Amino acid sequence: MIRDYYNRHALDEKLRGAPRPAGVNHLAIAHRQAVAMVLAQAGEEDTVQRALSQTTEFILRFCASGEWLVVSENDTPEGLQRRLDALCAGRAYIVDQSEARVLFRLSGPSTRRILAKGVGLDLHPAAFATGASANALCGHVAVNLARTGDDTFELIAPRSFAESLFDDLMAMGREYDLTAAFAG
Amino acid sequence: MTAYRLMAGGLVDRSRSLSFSFDGRPLRGFAGDTLASALLANDQMLVGRSFKYHRPRGIVSAGSSEPNALVTIGSGARSDPNTKATVAELYTGLTARSQNRWPSLGFDIGAVIDRFSPFLGAGFYYKTFMWPAQLWERLYEPLIRRAAGLGRAVLERDPEIYEKSWAHCDLLVVGGGPAGLIAALTAGRAGLRVILADEDFRLGGSLLSETQPIDGAPAHVFADRAVAELQALPNVTLLPRTTVFGWYDDNVFGAVERVQKHVAEPSAKLPTERVWRIVARRALLATGAEERPLVFGGNDRPGVMMAGALSTYANRYGVAAGRSVAIFTNGTAGYRAARDLHAKGIAIAAIVDSRAAEADAAPEGVRVIRSAAVVDTRGRLRVSGLVVERSGFEELVACDAVGMSGGWSPVIHLACQRGAKPVWSEALNAFVAPDVGGGLRVAGSANGVYTLSGCLGDGAAKASAIASELGFKPAQDVLPATGEETDPSFTALWYAPGAKSKAFVDFQNDVHAKDLGLALREGFGHVEHAKRYTTSGMATDQGKLSNINAVGILAGMRGVSPADVGTTTFRPFYTPVSFGALAGTARDKHAAPVRKSPLHEWARKNGASFVEAGPWYRSAWFPRAGEKTWRESVDREVLNVRANVGICDVSTLGKIELFGPDAAEFLNRLYSNALLKLPVGRARYGLMLREDGFVYDDGTVSRLAEEHFLVTTTTALAGGVMSHMEYCSQVLWPDLKVRFCSVSDQWAQIAIAGPKARSVLQQLVEDDISNAAFPFLAVGTVTLKGGLKGRLFRISFSGELAFELAVPAGFGVAVADQIMEVGRAFDICAYGVEALNVLRLEKGLPTHAEFDGRVTPDDAGLGRMVSAQKTDFIGKHLSARYGLTAADRSQLVGLKPVDKEKDIRAGAHLLREGMKPSTLNDQGWVSSACFSPVLGHHIALAFLKSGRERYGERIVVWDKLRDQEVMAEVCNPVFVDPENARMKA
């Protein structure tokens, strides 16, 4: 008996139904992505960071000293693992987190005001420029927050909290008519 | 008719008439009115009954210090009790009701209490209603509570929505008066990120009732221009209707914005109120100063108001609070109010001045009575005259409103909320803000600078200094020109001597001067004691008007300076904040996050009944058609696992992966048992102790590769163990080369247990999982047919042949569905945590019901898990303590009821037969119990003194909660398969 198993997204239930058009302020949820945690070996933190920063094929998210989340939209989890193994050349441990994390992309002119309802970080461009990322609380849920553009942010949240965080984000965005859908 | 709307003037919009009601009476006001100004314009001076004596009370102030004009706004679930009419913005359809009166405001039965007031001094109920003691709770307290009080809270569910938001700025300006506006302009123009918050719905503060021109234009025009400029600056955020209520660590300020308290039809998209947490690099307090009431006989008569409030009502709202107003003052401000009113055509009956000879100019033709004091007032529901005394000569001055002016107190509440006490200034005759460092500074009247030009200068200078400090370059703007200033001086008058009737210090709590005397006489003269003894300064206004006079009077009574009396403690909140606002969105499903297992949908599809386990929803049991009770389902699930096979979601357990050359050593120090030599591809049970030698958590440790481990934790302590590891790694052993990361969310984990488990699983996986190839405690990567990779663990929490299969979380439901499908031929069933619990109890396996923080490994029968060989591990040294090794410690045993029909429940205590229940006679406790469908009777795990030596003994299970005693036999805690033959099959 050979079969392909269906991979279900944590928000399948929440986003079921016909996709609605994205509003000005929109929450896009990535359906598939590869995410890996890179843990640098002791003493290799700088080397690993340099190696990871050289490539533009994936995005680096700072988590803690010597720890990064790497997000790739084009790789499979296995592909990302191989690529990172090659890049880090034994200087870091790579842990697949593709199934453990849900990626929320928030865009629109009111994103900062929406996020301010849950995130205590100062998101003014002078304090949190494009490319910056940090672990933060969004309401009750621990996320990794990154600024990906003037009006775009990305939240990486634990899968088990995804529904709760989704509900919270939609409540935070109610004032600004936030819409949500899986990313196309 | 005594109060009325002036024909012209004021900042209200006379083209927009609004209808509202008070105590059912339809009334009209204008846009820009407060409820108080609209009530006064409708000649409704009487607004409430006092807290204790039910005395008629009227509007006193025109701001947030108001003690009397507390009303309930709205109706039903949308009622807001104790709302200050003086700050409530008028809107069409507003309904307000007066409080603490019955049957009506004008005729209140409770007012009879006032007749008995000689017996109702401060603390009277402690002295009066002492015996018999049992009547206190049943009779006296309910009676007192019914008679005394303010508004009533509604018990209905609050339909409003609330939220919280963070904000960050370089400078937070608290207060939008002259000092605050110019400070915000100075800082905003220099490029600082500025937030200006003001409690009023219109920014401008005192400028809105100021008669002095600025730059040749009315002061309110200057305010409007400043606001317009600030609005245009992208780096400035204006927050009107926002009260900054608290100052917290790291210069974080709490503020509440009344987003739509002032609209008849609230938008569903917006919150009613929003709590702001403002992180400010610098803050400037520009909160102004409060005019002090005077304490004289009969000063609580409706119509006796603050002189400044009379000016505000006339200048800002175009309302005369009376037709003939008397002023009682100890300084210049009273004359200024008289001039303001006089200019509006309101008659001034007289100015009563406590001072002897002052140069202050009274308006043309107004009589000034110097060196005089008011000793009493006349009138019932409204003042009709003042009894003025001068050197023993009493005179009645007829009037229908009184303005009192007792000097000024800077509003410094926020600056004193973090421990620093206000400082007494002899020069200002007032408490001023302490130096609290650079983070929070004070400007304008709040800083004791009372002139308009002074406020503008101080605000600009402070903002300029802050801007420079933060690296900005403020422009040296020319200050706006102001007119002729009035000298703001006054001579302190804490108590007008010779009072002929009660001279109230605290209107809201009905505390009069004699109460303070009583407190002092009875040994409660310390300002904090006097507050508690008399209730002066308590309740919703927290003594904004009264505290300073209470301090002054106590100082006078004790013959010391107010500096020696000091103030009571300032704490958040500056003004009351609704619970709804403080809760924000954190209610209902937003109150706490829900965690869902990747197998949640699988469990739901299979009809699971869920149970909350911390943030998780875990499947508890899977009822089938015809099963009437949870026990029927659980018994079936247990028996099916023992006879056939079952699957259970165990994804919620914590999973942490560790890497590094020192990972094994790290774990060896973390757990009490030996792990250094754990072979690759094998799992081992691991026990973690706390430093004090008691069990912390347990789980499995698997070695996936030489330098790669995976440990599991209990569901409850997944986060705790992770933090513990971080602490150990960062603080205790930073030299160990180890990295770790939680993978709890990455995997869906399914337990497959029962004699047919292997047969089912073999249908799904490519790999050989025979006992020879994959023995008990084996661990490895497996490939599912179709290519999906998973991790397989041969571990058992049921005593049966069992596996745990982990697959990437998204595939969990599909794999579980597939197991159910291929398992159908083997009579597979889904089982929940209830059956899981029964299975482990039958097998005598302890969980956190047993590891309750008082249990050592040896107590739980796990003494062999404490390695004697290891040089060190967490908990080793304190495990050897006397007491933790005592022979009579309670040890884990099994219990079986002698009468097989009887049940045992967790929490019961154990007693020797015939012994009375007492701490001394206590023999132990039941930690877990259940019905064992395998044995056909109840079983329990218990901790019994020296229990392992007492198998076979009979013991009484004493259950006080159910008032039941059951005789039980002590036995080995492993009820099923003590040889582990099934597990290893």
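Where a number appears in this text, it was derived from the coordinates with a stated rule and is not lab data. None of the values given here were measured: they were computed from a predicted structure. Please note: Cβ atoms are built from the backbone with ideal geometry, for glycine as well, and neighbour counts cover all protein chains shown.
Data overview
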quantity: Spatial extent of the stretch B:442-482: Rg and Dmax, with the Cα atoms as the point set, Å; calculated: 10.8, 31
quantity: Mean Cα-pair separation over length for the stretch B:494-565, i.e. relative contact order, pairs under 8 Å, 6 or more apart, %; calculated: 31 percent
quantity: Of all DSSP beta bridges in the protein assembly as shown, antiparallel share, percent nearest 5; calculated: 75 percent
quantity: Shape call, the stretch B:654-742: gyration tensor on alpha carbons, a/c limit 1.5; calculated: rounded
quantity: Rel. contact order, % - alpha carbon contacts under 8 angstrom, at least six apart, the stretch B:293-406; calculated: 36 percent
quantity: Span-rule helices in chain B, defined as complete DSSP H runs reaching 15 Å or more along the axis (Cα) with Kyte mean at least -0.5; calculated: B:178-189, B:219-232, B:452-469, B:547-558, B:812-823
quantity: Where only C-alpha atoms are counted, convex hull volume of the stretch B:18-107 per residue in Å³; calculated: 91 Å³
quantity: Computed FRET value (nearest 0.05) for B:Ser468 with B:Ser759, which takes r as the C-beta separation and R₀ as 56 Å; calculated: 0.10
quantity: Fewest-first sequence of B:Thr72, B:Thr186 by Cβ atoms within 10 Å of each Cβ; calculated: B:Thr72, B:Thr186
quantity: Kirkwood Rh, Cα atoms: Rg over Rh of the protein assembly as shown; calculated: 1.06
quantity: Fewest-first sequence of B:Glu291, B:Glu665, B:Glu358 by Cβ atoms within 10 Å of each Cβ; calculated: B:Glu665, B:Glu358, B:Glu291
quantity: Mean projection area, nm², convex hull over Cα of the stretch B:1-150; calculated: 10.7 nm²
quantity: Neighbour cut-off at most 15 other Cβ (10 Å), DSSP loop, GluC sites (Glu not before Pro), the stretch A:31-124; calculated: A:Glu57, A:Glu73
quantity: Amide H contacts under 5 Å for B:Leu18, placed H, 5+ residues apart; calculated: B:Gly29, B:Phe30, B:Ala31
quantity: At R0 = 41 Å, FRET efficiency that the Cβ-Cβ distance of B:Arg558 and B:Ala153 yields, to 0.05; calculated: 0.60
quantity: Prolate/oblate/rounded call for the stretch B:293-406, Cα gyration tensor, a/c under 1.5 rounded; calculated: oblate
quantity: Sequence of B:Tyr317, B:Tyr727 once ranked by neighbouring C-beta atoms within 10 Å, starting from the fewest; calculated: B:Tyr727, B:Tyr317
quantity: Principal axes of chain B: Cα extent on each, largest first, Å; calculated: 115, 71, 56
quantity: Cα pair distances exceeding 22 angstrom across the stretch B:829-985, given as percent; calculated: 43 percent
quantity: Set of lysines near B:Lys514 by C-alpha distance (under 19 Å), chain-local residues within fewer than 8 positions excluded; calculated: B:Lys52, B:Lys127, B:Lys500, B:Lys502, B:Lys531
quantity: Karplus-derived 3J(HN,Hα), 6.51/-1.76/1.60, for each residue of the stretch B:485-496, Hz, glycine and proline x; calculated: 8, 9, 6, x, 6, 7, 10, 4, 9, 7, 8, 7
quantity: DSSP beta bridge pairing in the stretch B:293-406, given as percent antiparallel to the nearest 5; calculated: 45 percent
quantity: Residues of type aspartates and glutamates that B:Lys628 reaches as a straight line, Cα spacing below 19 Å, ignoring anything fewer than 8 places off in the same chain; calculated: B:Glu637, B:Glu834
quantity: Cut-off 14 Å between beta-carbons: net charge of the residues surrounding B:Ala643, Lys and Arg +1, Asp and Glu -1; calculated: -2
quantity: Protection proxy ranking, peptides B:914-921, B:293-300, average beta carbon neighbours within 10 Å, highest first; calculated: B:293-300, B:914-921
quantity: Antiparallel DSSP beta bridges within chain B, percent to nearest 5; calculated: 75 percent
quantity: Coil-residue GluC sites (Glu not before Pro) of the stretch B:384-431, DSSP, other Cβ within 10 Å capped at 16; calculated: B:Glu426
quantity: Entries of B:Lys269/B:Lys589; B:Lys269/B:Lys544; A:Lys117/B:Lys589; B:Lys596/B:Lys737 with Cα pairs more than 27 Å apart; calculated: B:Lys269/B:Lys544; B:Lys596/B:Lys737
quantity: Within chain B, helix-based [θ] at 222 nm, where runs of 4 or more DSSP H residues each add -39,500 (n - 2.57), nearest 500; calculated: -5500 deg cm²/dmol
quantity: Peptide A:153-160 - average C-beta neighbours from other chains (10 Å radius); calculated: 4
quantity: Amide H partners (placed H, <5 Å) of B:Val368, local residues excluded; calculated: B:Ile351
quantity: Mean Cα-pair separation over length for chain B, i.e. relative contact order, pairs under 8 Å, 6 or more apart, %; calculated: 9 percent
quantity: Relative counts (whole %) of C-alpha pair distances in the stretch A:36-184, using bins that are 10 Å wide; calculated: 11, 40, 33, 14, 2
quantity: Structure-based [θ]222 nm, chain A - -39500 (n - 2.57) summed over DSSP H runs of at least 4, per residue, nearest 500; calculated: -6000 deg cm²/dmol
